[in-house]
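J.: Shown below is the structure under consideration.
The values are calculated or read from the model by the stated rules, or taken from the named source; none is laboratory data. This one's a predicted model, so the numbers in the text were calculated from it and none came from an experiment. Please note: Cβ atoms are built from the backbone with ideal geometry, for glycine as well, and neighbour counts cover all protein chains shown. The area values use the complete protein model at the heavy-atom level, side chains included, leaving out ligands, DNA and RNA. Shrake-Rupley method; radii C 1.70, N 1.55, O 1.52, S 1.80 Å.
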Amino acid sequence: MAMAKAKKKERMTRVMRRDEEKGKDGEPEVIIGLEVHVQLTNLKTKLFCSCSTDYRGAEPNTHVCPICMGEPGTLPVVNEGAIEDAIMVALALGSSISRRTLFSRKNYFYPDMPKNFQISQYDKAGGVPFATGGSVSIGGGKKVRIRRIQIEEDPGRLVYEGTIDSSPYILVDYNRAGLPLIEIVTEPDMESPKEARMFLQNLRSILEHLGVFDESLQGAMRCDANISIKGGKRVEIKNISSFKDVERALSFEITRQKGLLSRGLRVGMETRHWDDLRRITVSLRVKEEEQDYRYFPEPDLVPITISEGLIAKVKACMPILPSERKRLFIDKYGIPPQTAEVLVGSKALADFFEECIKLKADPLPLANWLTGDLKALLNEMEIEIWESKVTPAHMAELVSLVKDGILSGKMAKEVLKEVVATGRMPRKIVEEKGLRAIASMESLKEIVERVFSENPEAVKDALRQEKAVHFLIGQVMKATKGSADPLMANEAVRRRLQEIASSVSA
Amino acid sequence: MPKERKLSRREFPDSKKEGDSRIGKEEVKHLAWLARMKLSNKEIDAFSQQLSQILQYFRKIDEVDTEGIEPTYHVLDLTNVFRKDEPRTFPAEEVLRNVPEKKGRYVKAPRMG
Ligand SMILES: [Zn+2]
């Protein structure tokens, strides 16, 4: 009865949740599209000049030359590595590559580009994007379609004195200006901030597997999001710099817009800026006048043709992708699909998993530790696995301590916390703390005996009612300070009770 | 051979309807805003006239029949001019000598409204 009721309730909330997401007439309540900018971090030079891309931590304006500073009379020349990278990305996302592509000039007067234009690609005004179509899976059988992929240059970095509003002038560092970027534009296929995060996370993992992108570099992936909520207009959010922030920014925006709509106010079309320190979006209050980039084919660059031969060459050296790796984890190590999906959601995590396996860790419990407790601990600390003190050696040892019965699951959780905090080896922690699981039935029997003699009333009750049995199990666990395996304690108590019952009736 | 696609005027949002080559005052103001230029009323009048004449002059190109001809994006018949991904350093101080205003190593620029 109770089960059926709970099931029904669960079904009801699921239906209600779906209604909330879809709205009354089946239309999605929230529609999200993303524009992702990814630095091709495997390239050593900028997109159109030979300046080094290794600008992080460098003094301002040290990685500049007459080309990326827009001096008159200079000519850009395309970095061939960027073309190969873009082909790889297009192949990995299943996009169709334009056999002939062009660069376009995007005109705007803003000091982040010293030329007063950005060399990009465009799908109108004679322009041809690098690739169109394709998709990224976001789990649960859902795919987010890609509208287009294009190559463009990164603008310089602006520094404000004081706040963005009160700064009397702008300081510009052009070290980043001209860095090779890939822009990936999605169709508005996402219906929640979580789906947007999943998209970015899975895209990041694909790019990491391709080796074109290094997720550990600050600001190497940035995105703008478009969001429309039913009853409101489309709002663009700029300056989102991580896949965690995309979820935060969109959730903030949904709450803000729903608040406006519920008070009968209107949500107008506008561009907002994500402030990642205050974790809010702020209106850019740009002039209502329409921006117009006056795109035209870039006259300083000749067209590019992509031959079947080049595509085949790139295809031949494509590294393993997350989807294939997931299959491998399922087939080779018997990992459940959902767990495998989490593992390959980050190349660093998938690599970590395989490193542990090389150290002879048992794959299934290992996968559960990595995607469960370890992931939760790292999330709590808001760090990535490569920023933590945990190494494959730590995890392999922890898994084997549990397997050998030296640690109970519960104790291992405590040890893991200590490992994450201190980076000390699990075995060392076990020795120092004098931890040892009570893994044998023999040692448990003694404890059960003691608990039974201390609680004769409870034992009497336990022969008749379940509640008292649980009390006894609890007492046994307490006596072992949680070091016993709960299932084993359960069995030991019930076995003893049965012995008593049969001797009484005999 | 597929019919060659001419760039439609709609793809250049600044441009006017087919056959209309006048650039009105509002359009001049918009162009000035895009180019971050401040124009006096007198200049707006003058540019409106001059730009209309220039555009009218270029309309002559529309008279040419381009049926079946590939669009020309580049005067050289070249494709795929690439550069190896090998870094070279340029003396940055030389480049910074051309910067009109600096603050430390930063380039100083006006605030944009
Ligand atoms: Zn340069």
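J.: At a probe radius of 1.4 Å, figure out the B/A buried accessible area, summed over both chains, and give it in Å² to the nearest 100.
T.: Roughly 4500 Å² of accessible surface disappears when B and A pair.
J.: Once phi is turned into θ = phi - 60°, what whole-Hz ³J(HN,Hα) does the Karplus curve with 6.51, -1.76 and 1.60 give for every residue of the stretch A:449-457, x standing for Gly and Pro?
T.: The phi angles translate into 4, 5, 4, 5, 6, 7, 10, x, 5 Hz.
J.: Applying the Karplus parametrisation 6.51 cos²θ - 1.76 cosθ + 1.60 with θ = phi - 60° to the phi angles of the stretch A:326-341, what ³J(HN,Hα) value in whole Hz is obtained for each residue in order, glycine and proline being reported as x?
T.: Once θ is set to phi - 60°, the couplings for the stretch A:326-341 become 4, 4, 4, 4, 5, 6, 7, 10, x, 7, x, x, 5, 5, 4, 4 Hz.
J.: Which order do A:His470, A:His209 take by accessible area at a 1.4 Å probe, largest first? Show your work: numbers first, answer last.
T.: Values: A:His470 100, A:His209 15 Å².
The most accessible residue leads, giving A:His470, A:His209.
J.: Hey, another quick one. Averaged over peptide B:27-37, how many Cβ atoms belonging to another chain are found within 10 Å of each residue's Cβ?
T.: Partner-chain Cβ atoms within 10 Å, mean over residues of B:27-37: 3.
J.: Now for a separate question. Sticking to Cα atoms, compute the Rg of chain A to one decimal and its Dmax as the biggest Cα-Cα distance, whole number, in Å.
T.: Calculated on Cα positions, Rg and Dmax stand at 29.3, 106 Å.
J.: What dipole magnitude, in Debye to the nearest 20, does the stretch A:13-315 give about its Cα centre under +1 on Lys/Arg Cβ and -1 on Asp/Glu Cβ?
T.: 940 debye
J.: Can you give me the long-range amide H partners of A:Ser104? Hydrogens built in the peptide plane at 1.01 Å from N, cutoff under 5 Å, separation of 5 or more residues or another chain.
T.: A:Ser120, A:Gln121, A:Tyr122, A:Glu298
J.: Using amide H atoms built 1.01 Å from N in the peptide plane, name the residues 5+ places from A:Ala131, or on other chains, whose amide H lies under 5 Å from its own.
T.: A:Ser98, A:Ile149
J.: Helix A:193-210 against the longest principal axis of chain A: what's the angle in degrees, Cα atoms only, rounded to the nearest 10?
T.: On a 0 to 90 degree scale, this one is about 80.
J.: Give the long-range amide H neighbours of A:Ala484: residues separated by 5 or more places, or on another chain, with amide H under 5 Å away, using H modelled in the peptide plane at 1.01 Å from N.
T.: Under 5 Å from the amide H of A:Ala484: A:Ile438.
J.: Using only Cα atoms, tell me the angle between helix A:392-403 and the longest principal axis of chain A; keep it within 0 to 90° and round to the nearest 10.
T.: 20 degrees
J.: Next question, about the same structure. Of the heavy-atom accessible surface of chain A (probe 1.4 angstrom), what whole percent is carbon and sulfur?
T.: Result for chain A: 53 percent of the exposed heavy-atom area is carbon or sulfur.
J.: Give A:Lys106/B:Lys103; B:Lys38/B:Lys108; A:Lys46/B:Lys84 a once-over and call out the pairs whose C-alpha atoms are over 19 Å from each other.
T.: A:Lys106/B:Lys103; B:Lys38/B:Lys108
J.: Roughly speaking, what is the centre-to-centre gap between the stretch A:156-221 and the stretch A:135-149 when only Cα atoms are used, to the nearest Å?
T.: After rounding, the separation between the Cα centres reads 19 Å.
J.: Next question, about the same structure. Taking θ = phi - 60°, what integer Hz values does the Karplus form 6.51 cos²θ - 1.76 cosθ + 1.60 yield along the stretch A:347-359, in sequence order, with x for Gly and Pro?
T.: Residue by residue, the stretch A:347-359 yields 4, 4, 5, 5, 5, 4, 4, 5, 5, 5, 5, 4, 8 Hz.
J.: Kirkwood hydrodynamic radius, the stretch A:13-315, all distinct C-alpha pairs: what's the number in Å?
T.: 20.5 Å
J.: Still on this structure, please answer the following. Using protein chains only and a probe of 1.4 angstrom, how many square angstrom of A:Leu210 are accessible, to the nearest 10?
T.: 10 Å²
J.: Over all directions, the average projected area of the alpha-carbon convex hull for the stretch A:441-505 comes to how many nm²? The partial results should precede the final answer.
T.: On the way: hull surface 15.7 nm².
Hull-based average projected area comes out at 3.9 nm².
J.: Over the Cα atoms of the stretch A:320-433, what is the Rg over Rh ratio if Rh follows Kirkwood? Don't skip to the answer; put the middle values down first.
T.: Details: Rg = 13.5 Å, Rh = 14.1 Å.
Rg divided by Rh gives 0.96.
J.: While we're here: How many angstrom separate the Cα center of the stretch A:26-84 from the Cα center of the stretch B:84-100?
T.: The two parts, judged by their Cα centres, are 16 Å apart.
J.: Also: Order the following by accessible area, largest value first: A:Asp224, A:Asp404, B:Asp77, A:Asp300. Probe radius 1.4 Å; ligands, DNA and RNA are ignored. Present the calculation step by step, with values, prior to reporting the outcome.
T.: Details: A:Asp224 20, A:Asp404 100, B:Asp77 160, A:Asp300 60 Å².
Ranked from most to least accessible, the order is B:Asp77, A:Asp404, A:Asp300, A:Asp224.
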